[in-house]
Amino acid sequence: MTLLQSFSFTINTEGSFAEQYPDLRRGAYTQKITINDSSYTFKIFPNFYMENVEVSILNEAEEAIISNIPFNITENINYLIGDISFNNYKLIYNMKKQQFELYSVA
């Protein structure tokens, strides 16, 4: 696997996402990313109960490339949260580095 992008996102294993990120109650965390010269939006938003978050990646037309992948806090692991549906990419949360990592598996 080849690392293409990483996105800092600090969490801890104490409490819910609602307690750690009260600003998520008002919306979503978004970050613009570029993959193979194309622009995408990396989006993290809370689920209904604010116990965890869901991750989506949207293309320039705001169409979901990967949608509503649940992310639960798990201590001290590299947590695979989904396979992106284009070009065999994988999105992983690296707990040790406190970041999401986007890999190409080709």
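The values are calculated or read from the model by the stated rules, or taken from the named source; none is laboratory data. As the structure is a prediction and not an experimental result, all values here were calculated from the model. Virtual Cβ from ideal backbone geometry, glycine too; neighbours counted across all protein chains shown.
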Which of (1) hydrophobic (A, V, I, L, M, F, W, C); (2) outside any helix (DSSP H, G or I); (3) modelled with pLDDT under 70 is the odd one out, the single condition ALA18 does not satisfy? (2)
Would you check if there is a residue in region 77-88 being of a type in the set (A, V, I, L, M), closer than 17 Å to SER6 by Cβ, surrounded by 11 or more Cβ atoms within 10 Å (Cβ to Cβ) and modelled with pLDDT of 80 or more? no
